[in-house]
1. Restricting attention to the range B:189-201, which residues are within 10 Å of chain A (Cβ to nearest Cβ) and either open to solvent by 20 Å² or more (accessible area, probe 1.4 Å) or in contact (Cβ under 8 Å) with a residue 60 or more places away in the chain (or both)?
2. Sort out which residues of the range B:1-22 are more than 16 Å from DNA strand D (Cβ to nearest atom) and open to solvent by 50 Å² or more (accessible area, probe 1.4 Å), and write them in order of number.
3. Return yes when residue B:211 is more than 8 Å from every other protein chain (Cβ to nearest Cβ), at pLDDT 95 or above and open to solvent by less than 30 Å² (accessible area, probe 1.4 Å) and no when it is not.
4. How about the range B:142-183: which of its residues are in a helix (DSSP H, G or I) and either among the charged types (D, E, K, R) or at pLDDT 85 or above (or both)?
5. Among the residues of the range B:43-82, count how many are crowded, with 16+ Cβ neighbours inside 10 Å and near DNA strand D (Cβ under 9 Å from one of its atoms).
6. Within the range A:29-42, take every residue that is within 10 Å of DNA strand D (Cβ to nearest atom) and buried (at least 17 other Cβ atoms within 10 Å of the Cβ) and give me the one that is nearest to the chain's Cα centre (by Cα).
7. Wholly within the range A:1-108, which strands (runs of 3 or more DSSP E) include no fewer than the required count, namely at least 2 residues that are more than 10 Å from chain B (Cβ to nearest Cβ) and either within 16 Å of DNA strand C (Cβ to nearest atom) or not aromatic (Phe, Trp, Tyr) (or both)?
8. Starting from the range A:168-182, take each residue that is more than 7 Å from chain B (Cβ to nearest Cβ) and list its partners that are part of a strand (DSSP E or B) and buried (at least 16 other Cβ atoms within 10 Å of the Cβ), counting only C-beta distances under 6 angstrom and pairs at least six apart or across chains.
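The values are calculated or read from the model by the stated rules, or taken from the named source; none is laboratory data. Predicted, not measured: the structure shown is a model, and the values here were computed from it. Every residue, glycine as well, gets a Cβ built from its backbone with ideal geometry; the counts of neighbours run over all protein chains shown. Quick note on the areas: whole protein, heavy atoms, side chains included, nothing else; ligands and nucleic acids left out. Shrake-Rupley method; radii C 1.70, N 1.55, O 1.52, S 1.80 Å.
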2 protein chains.
Amino acid sequence: MAMGWQEVRDEALRRIRARDWPPGARIPDEAALAGELGCTRVTVNRALRDLAEAGLLERRRRGGTRVPLTPVRRATLSIPIIRQDIAERGQEPGYRLLIDRLEPGSAEARAALGDGPLRHVVALHTAGGAPYCLEDRWLSPAVVEGVDFAEVSANEWLVSHVTYAEARLSFGAMTADAALAEALGCPPGAALLLLDRSTRAETPITWVRLIYAPGHRVDAGL
Amino acid sequence: MAMGWQEVRDEALRRIRARDWPPGARIPDEAALAGELGCTRVTVNRALRDLAEAGLLERRRRGGTRVPLTPVRRATLSIPIIRQDIAERGQEPGYRLLIDRLEPGSAEARAALGDGPLRHVVALHTAGGAPYCLEDRWLSPAVVEGVDFAEVSANEWLVSHVTYAEARLSFGAMTADAALAEALGCPPGAALLLLDRSTRAETPITWVRLIYAPGHRVDAGL
DNA sequence: AAGTGGTCTAGACCACCTT
DNA sequence: AGGTGGTCTAGACCACTTT
């Protein structure tokens, strides 16, 4: 008895796995568990909230806590600065600005940032001299007024200046056309991993497509 | 004054964004903030813990709480059952088992599950009759002893029977060879999005590669 | 050695939602 | 209408780690 919240969480997890609490079932309420396990309701609450955040329980006021019939697990995906990502792989990060001009936005960019001229920044990230990823970015001009992306990548500038914004990510794949093949130093027709991200705080900030060189993988944990 | 934990969190976020608490700086300790904001230390703790879990603060006992110089944001990626995923897109899910036999594992499968014969299950998921994704899975035989995957996909069986396991995800891209092109109903050479996942609880359970039809996207939030 | 976050207790009030 | 989770208070002890 007298369990800490992590012990309570582990015990609850054991009961779920053991089908003591089968899928769809309602589990005892917090007060009952607190009494049974010899701790306060706050401790039980902390433990069950943790499991609910991971998608392993569903909680509702008045409705109680249930084991979901079809749990939707949630994985965490860390979003590092590209140059750090490269450095952690033990390679020398490099960066070259290819395009920086105002343009009418692409369809995706307009959907994320609204209409009107947008700042279009295209840059190549290299690892140990080899192409690593192409950064195709559209920015709300007001946010980056006067910023020069020749030396510092937009990726890096944004992370350190527009911290804590909301982001939406989307993975996809595309075939390398001639221009991409040349930029990334790969054969035309190669399969490329895409990672699109739109970012906004109070107001839309940026939409970016990262196009990785062939063979690249993006990992997520849990 | 008298703020709830979410208000405390929002106020802290505001100070971070406004550079009242610049990157690298140590912020006031919990007791000080509690006094300033008119709540208890527990409430401040809850708020700052929430920000730390999102990667926006770094906390250490005795070392205090700091604003990270280079924050690593974490996104959440939900992992649904494939047939539900299809149903939510408003299409009719279908499933066809292609292969189910014991084999020596592929390199990736052996790395995740260990050596020895593994159960290899290959199946096609369809959406409204059209190929949606190919599921190429390797399983520890003991875990799925006697289970028939002809009617229920391994994806679905595992979610409801091996709940709450650890998983590691990895995204990539590959080119459709002739066999894949036929299975997925796409031209050879098409770029395909891959999602690899290895799952283990106390013991390794499964390694799976999902190969999506061209154009498919996988979304993540925050 | 001492300061900071981590956690627990006991009690309370409230918000929400299901019955 | 009532039960359940959500949250807050006030106080306390502990764990860690930096000074």
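1. B:189, B:196, B:197, B:199, B:201
2. B:14, B:17, B:18, B:19, B:20, B:22
3. yes
4. Within the range B:142-183, B:142, B:143, B:144, B:154, B:156, B:178, B:179, B:180, B:181, B:182, B:183 qualify.
5. Residues flagged as crowded, with 16+ Cβ neighbours inside 10 Å and near DNA strand D (Cβ under 9 Å from one of its atoms) within the range B:43-82 amount to 5.
6. Among them, the one singled out is A:30.
7. It comes to A:58-60, A:64-66, A:93-104.
8. Cβ pairs passing all conditions: A:176/A:192.
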